[in-house]
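The values are calculated or read from the model by the stated rules, or taken from the named source; none is laboratory data. Values in this document were obtained by computation on a predicted structure and should not be read as measured data. Neighbour counts are summed over all protein chains in view; Cβ atoms, including those assigned to glycine, are modelled from backbone coordinates with ideal geometry. Ligands, DNA and RNA are excluded from the accessible area calculation, which covers all protein heavy atoms including side chains. Shrake-Rupley method; radii C 1.70, N 1.55, O 1.52, S 1.80 Å.
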Amino acid sequence: MKVRTTRDHLLHALGQVIRTVSPTSPMPILSGILLTAHHQGLRLRVSDSKITIQVELPLHEANLQIEQVGSIVVPAKYLFEIVRKLPLGAVMLELTGPLLLTVRSERAIYRLSGMEANEFPEVPDFHSDQTIRLSSIQLQKIIQQVAFAVSPSEQRPVLTGVSLAWDHHHADQIRLLATDGVRFASLLTNIERINAAPPHAIIIPGRSLTELSRILPDDETSVDIQIDNRQVLFGTRQLAFYSALIEGTYPSIDPDAFAVHTTHLVLHTEDLLQALERVSILAGDGHIVRLETLDTRLTLFSSTEQIGDVNEQWEAVRKLGEDIRIAFNSKYMRDILRTMACKDVSLKFQGKWSPIRIEPLEEDETSTATYILTPVRTHEA
């Protein structure tokens, strides 16, 4: 194996895969990265048994020269740190001995001990005729809008994932759901192409989607999503991202729930987000904030014993129905608002104990988002 490329091209490829590598894996081989030089380019592969990522550096796009084919597994952490700290310019990767990779730059020579390439896990065996196609930037936006709401607790594994199902009424739409039991995110989105629909919803780990979002390009690159019974593959011309699916049945949740309301507020999204940021400074570890209305006058209040309190007031864009007094987790509300690129947001209430329905007001040509947030019971609210 003998490869010449540039520091920037190699570092970009390594940056796409390094977060998946666990330095404390019980299988030493999984703390490494598989490098394979072949006649069409350089392939990098990592795996943590649940996620496998493979990145291709093609000859014609990576300022790459393959002088000799070959493969080796080397410690991912060390290779990444070496390349990250190299000066700009050319880099050569060469097998200079049995299981010994030499990394050369203009001024430095590193030698890394490696492991046999054939001991590294193969890419998952994949059989699927169910394919969705989305643009990379659309998929990033979808993930941003729902994945934040998954549960961090493994007590109910299905809630650590995002449910994906085909809409029963429109063959060209999919619905994604995520909840941790306190907040709920629903997104109905158009898809560019679909070959077939699975008979039931699948559950994709939220961690997998978050990692995928970080490495997708911010452009219109097409991403094919292929699904079989146990795994999902997100693929572009240079990236293959495999993730195991979560087994189980996702809770039946009606995204149209809580549409009936007695109070409807319309607020500027940025005004509400910034006010929550300020009021949350004194909200304590529970992040509890109280919201009150008096006609169109809105008040946010929070306090922490022995520290102090704060209230902030401003006018709503529009208010319909009864006045409301309700408490909620400010962090969860801010997480929801940060997913929105709209000028105005709609909040609907049905009393102080019923969940809050939150929706962006501006129409999105490709998707419709709905969020539900359970209020917090306090003595004041």
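A few remarks follow.
- Listed residues 181, 145, 262: farthest to the positive end of the dipole of the range 141-277 (Cβ charges): 181
- Cα centre as origin, Lys/Arg/Asp/Glu Cβ charges: the chain dipole, Debye: 1020
- Taken along the Cα-to-beta-carbon direction at a fixed 7 Å, the label points for residue 304 and residue 323 span 3.0 nm.
- Toward the positive end of the charge dipole of the chain, with +1 on the Cβ of Lys and Arg and -1 on the Cβ of Asp and Glu, the farthest Cα among 316, 273, 208 is that of 208.
- Computed over the chain, relative contact order equals 13 percent, with contacts defined as Cα pairs under 8 Å that lie 6+ residues apart.
- Over the chain: helical MRE at 222 nm, DSSP H runs n ≥ 4 each giving -39500 (n - 2.57), nearest 500: -5000 deg cm²/dmol
- Per residue accessible area in Å² of the range 187-293, where ligands, DNA and RNA are left out and the probe is 1.4 Å: 48
- Structure-derived volume of the Cα convex hull per residue in Å³: which label, when the choices are (1) 118; (2) 380; (3) 174: (3)
- Label-point separation, residue 133 to residue 153 (7 Å along Cα→Cβ), nm: 4.3
- Rounded percent of accessible protein surface that carbon and sulfur make up, the range 1-143, 1.4 Å probe: 51
- R0 of 22 Å, Cβ-Cβ distance residue 4-residue 100: FRET efficiency to nearest 0.05: 0.75
- Projected label distance in nm at residue 221 and residue 144, using a 7 Å step from Cα toward the beta-carbon: 1.7
- Folded to 0 to 90 degrees: helix 7-17 orientation relative to the chain principal axis, Cα: 60
- Low-density loop cleavage sites - chymotrypsin sites (Phe, Trp or Tyr not before Pro) in the range 307-381, where at most 11 other Cβ are within 10 Å (DSSP): 353
- Apportionment of accessible area to carbon and sulfur, the range 205-325, percent (1.4 Å): 47
- 23 Å Cα-Cα threshold exceeded, pairs from 2/50; 50/331; 50/77; 50/85: 2/50; 50/331; 50/85
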